[in-house]
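Student: Mind looking over this structure? Questions follow.
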Amino acid sequence: MLKYFLILGLLLSIVACNTSMPLKEKQEYLKKGKQITEATFKELSGNLMQQMQLGGPSQAVPFCNLQALPITNQISEKFNVTIKRTSDKLRNPKNSPTKREVAIIKQYQILFEGDKELLPIVEIDSHNKKHYYAPIKLNVKCLACHGELRKQLSIKTDSLIKSLYPNDIAINYKNGDFRGIWSIEFN
């Protein structure tokens, strides 16, 4: 019964946040948000896979630690937006969610647990800024460092992750799990 009310509350909050935006404008921001997240994912995953091919997780982890945010920032500048990947199970504390992002993450978690479709959200905040949120689901490429496969990492790579991310809780995922969200603020 509680889940029913939570899902109802989620749907009402999504509708309430979007009532002041015309449908055509909302569709434009959905399209832009999807384009930006796809471009960001392509750039990040392409670079990460290149590092994996060059030296496996022990090369990819430091690269990700040093380059993921700068790459994301370059794409943010290109599209004149602020791009963020965040979760309630963080690896990098620099990606900590805002209160609104926490609420969005919880909404997606409820939908995911109920086997509901996770659709992007567009809304306007109290400062008239447009925001795009979309779910991130874990794919098989991510399992080496974020999934149950992490248990199979070398001691060197596991130690490297623990030294770079001492408070890492972004682990033990399975393929297809809800991982977090894309959060884009349009300038």
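Student: Looking at this structure, is Asp88 open to solvent by 40 Å² or more (accessible area, probe 1.4 Å), out of contact with any strand residue (DSSP E or B) (no Cβ under 6 Å at 6 or more places or on another chain) and at positive phi?
Tutor: No.
Student: Let me ask something else about it. Would a scan of the stretch 161-168 turn up a residue that is in contact (Cβ under 8 Å) with a residue 24 or more places away in the chain, more than 22 Å from Ile36 (Cα to Cα) and aliphatic (A, V, I, L, M)?
Tutor: yes
Student: If you take the residues of the stretch 163-187 that are of a type in the set (A, V, I, L, M, F, W, C), out of contact with any Gly (no Cβ under 9 Å at 6 or more places or on another chain) and open to solvent by less than 30 Å² (accessible area, probe 1.4 Å), which of them is nearest to His146 (Cα to Cα)?
Tutor: Phe178
Student: Tally up the residues in the stretch 45-85 that are open to solvent by less than 50 Å² (accessible area, probe 1.4 Å), outside any helix (DSSP H, G or I) and farther than 29 Å from Lys156 by Cβ, please.
Tutor: Here the count works out to 3.
Student: Taking the stretch 114-126 only, how many residues are touching a residue at least 24 places away in the same chain (Cβ under 8 Å) and either in a loop (DSSP other than H, G, I, E, B) or over 20 Å from Ile184 (Cα atoms) (or both)?
Tutor: 5
Student: Gly56 is checked against (1) of a type in the set (Gly, Ala, Ser); (2) touching a helix residue (DSSP H, G or I) at 6+ places or on another chain (Cβ under 8 Å); (3) modelled with pLDDT of 95 or more and fails just one. What number does that condition carry?
Tutor: (3)
Per-residue answers, yes or no, for (1) under 28 Å from Gln51 (Cβ atoms); (2) modelled with pLDDT of 95 or more; (3) open to solvent by less than 40 Å² (accessible area, probe 1.4 Å):
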residue: Thr98; (1), (2), (3): no, yes, no
residue: Ile104; (1), (2), (3): no, yes, yes
residue: Pro120; (1), (2), (3): no, yes, no
residue: Glu123; (1), (2), (3): no, yes, yes
residue: Cys145; (1), (2), (3): yes, no, yes
residue: Lys151; (1), (2), (3): yes, no, no
residue: Ile161; (1), (2), (3): yes, no, yes
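Student: Are any residues in the stretch 127-143 in a strand (DSSP E or B) and open to solvent by 50 Å² or more (accessible area, probe 1.4 Å), and if so, which ones? Explain how you work it out, then say what you get.
Tutor: Initial filter on the stretch 127-143 (in a strand (DSSP E or B)): 130-137.
The one that is in a strand (DSSP E or B) and open to solvent by 50 Å² or more (accessible area, probe 1.4 Å): Lys137.
Student: So the check is Cβ under 8 Å with 6+ separation or different chains; which pairs have a first residue in the stretch 69-82 that's in contact (Cβ under 8 Å) with a residue 60 or more places away in the chain and a second one that's assigned to a helix (DSSP H, G or I)?
Tutor: From residues that are in contact (Cβ under 8 Å) with a residue 60 or more places away in the chain, the pairs are Val81/Ile36; Thr82/Ser76.
Student: Considering every residue within the stretch 19-34, establish whether at least one is closer than 22 Å to His146 by Cα and buried (at least 16 other Cβ atoms within 10 Å of the Cβ).
Tutor: No.
The values are calculated or read from the model by the stated rules, or taken from the named source; none is laboratory data. Everything numeric in this text was worked out from a predicted model, so none of it was measured. Here the Cβ is made from the backbone with ideal geometry for all residues, glycine too, and neighbour counts use every protein chain on show. For accessibility, only protein heavy atoms count, side chains too; no ligands or nucleic acids. Shrake-Rupley method; radii C 1.70, N 1.55, O 1.52, S 1.80 Å.
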